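Notes follow the structure.
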Amino acid sequence: MKDLSAQAPPAAANREAAELLAAISAVRRTARQAVRKAWHEEPLPTAQSELLRLVADRPGITVAEAARELRLAPNTVSTLVGRLAGQGLLGRERAQADARSVLLSVTRRARQRLADWRDLRADLTQIAILQLAEEDRRILAYAAPALLRLAERLALP
């Protein structure tokens with residue numbers, strides 16, 4: 001068996017990683033709160049919005065595939081699909097190959113809602129960024145590509 005302790009990063013690196021993740025979480029949480037305050041409609045619960053974004057990214061995904069992707073029980077996703085379809089945000093159609101499977105798609109209304117949410121989030125974030133010092137703005141601009149590369153590394157098996 002391989003000794004992982006020899007490969008463990010030093011405590012300072014672990015602390016830096018924990019601080020980075022805490023900062024990212026704080027930005028995500030406060031951005032979500034700011035958008036919810038400014039949003040003109042009733043915000044969707046997190047699980048519903050995650051499913052809606054997944055279906056928008058992967059039209060034709062099945063309930064079972066969505067459940068695996070979101071790490072939720074299939075019956076939970078079925079319930080979410082029913083609620084979103086009832087609000088006119090998701091479309092459902094039977095798969096031709098397997099009539100038991102349902103293929104999901106977002107409606108035009110859902111696409112507009114997602115675009116409006118994304119634009120409002122970007123607008124509010126831009127306003128906050130412009131209130132930062134020039135150096136902080138420059139650091140954030142340089143950090144974005146590195147953060148995307150970090151996300152790719154974390155997604156690797």
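Given the criteria in contact with a strand residue (DSSP E or B) (Cβ under 8 Å, 6 or more places away or on another chain) and within 30 Å of Asp123 (Cα to Cα), does Ala95 qualify? The answer is no for Ala95. The condition of being closer than 21 Å to Thr30 by Cβ and of a type in the set (A, V, I, L, M) holds for only one of Ala143, Ala56, that being Ala143. When you look at Gly60, is it outside any helix (DSSP H, G or I) and closer than 26 Å to Gln33 by Cα, yes or no? Against the criterion (outside any helix (DSSP H, G or I) and closer than 26 Å to Gln33 by Cα), Gly60 does not qualify. In segment 76-91, the residues that are free of Cβ contacts under 8 Å to residues at least 60 places away in the same chain and of a type in the set (S, T, N, Q) reach residues that are exposed (fewer than 15 other Cβ atoms within 10 Å of the Cβ) and part of a helix (DSSP H, G or I) with C-beta atoms within less than 9 angstrom, at least six apart or across chains, in these pairs: Gln87/Arg109. Selection of first residues in segment 104-127 that are within 19 Å of Leu84 (Cα to Cα) and in contact (Cβ under 8 Å) with a residue 12 or more places away in the chain and of second residues that are assigned to a helix (DSSP H, G or I) and among the basic types (Lys, Arg), restricted to Cβ pairs under 7 Å at least 6 apart or on distinct chains, gives the following pairs, ordered by first then second residue: Leu114/Arg53. Among the residues here, Ala11 does not qualify as farther than 18 Å from Ala151 by Cβ and modelled with pLDDT of 90 or more.
Just checking, how many residues over segment 33-57 are in a helix (DSSP H, G or I) and among the acidic types (Asp, Glu)?
The total comes to 2.
With respect to the conditions (1) touching a residue at least 12 places away in the same chain (Cβ under 8 Å); (2) not in a helix (DSSP H, G or I), Ala99 lacks only one, and its number is (1).
Within segment 118-130, identify whether any single residue is under 24 Å from Gln33 (Cα atoms) and not in a helix (DSSP H, G or I), and answer yes or no. It would help to see each step written out before you state the result.
Step one: filter segment 118-130 for residues under 24 Å from Gln33 (Cα atoms), giving 118-130.
If we keep only those that are not in a helix (DSSP H, G or I) as well, we get none.
Checked segment 118-130: no residue is under 24 Å from Gln33 (Cα atoms) and not in a helix (DSSP H, G or I).
Of the residues making up segment 9-63, those that are of a type in the set (Val, Ile, Thr) and under 14 Å from Arg121 (Cβ atoms) are Val27, Thr30, Val35.
Picking from Arg111, Arg92, Arg138, Arg149, which residue would you name as being outside any helix (DSSP H, G or I) and either out of contact with any Asp or Glu (no Cβ under 6 Å at 6 or more places or on another chain) or among the polar types (S, T, N, Q) (or both)?
Details: Arg111 fails: outside any helix (DSSP H, G or I); Arg138 fails: outside any helix (DSSP H, G or I); Arg149 fails: outside any helix (DSSP H, G or I).
Just one listed residue meets the conditions, Arg92.
Selection over segment 35-76 of residues that are over 16 Å from the mean Cα position of the chain (by Cα) and surrounded by 16 or more Cβ atoms within 10 Å (Cβ to Cβ) gives a count of 4. Screening Val102 against (1) more than 29 Å from Leu150 (Cα to Cα); (2) loosely packed, with under 14 Cβ neighbours inside 10 Å leaves a single unmet condition, (2).
Quick check, is Gly82 touching a Ser or Thr at 6+ places or on another chain (Cβ under 8 Å), loosely packed, with under 13 Cβ neighbours inside 10 Å and either among the aromatic types (Phe, Trp, Tyr) or modelled with pLDDT of 95 or more (or both)? Against the criterion (touching a Ser or Thr at 6+ places or on another chain (Cβ under 8 Å), loosely packed, with under 13 Cβ neighbours inside 10 Å and either among the aromatic types (Phe, Trp, Tyr) or modelled with pLDDT of 95 or more (or both)), Gly82 does not qualify.
The values are calculated or read from the model by the stated rules, or taken from the named source; none is laboratory data. The shown structure was predicted, so the numbers you read here are calculated from the model rather than taken from an experiment. In this analysis, Cβ positions are derived from the backbone assuming ideal geometry, glycine residues included, and neighbour counts consider all displayed protein chains.
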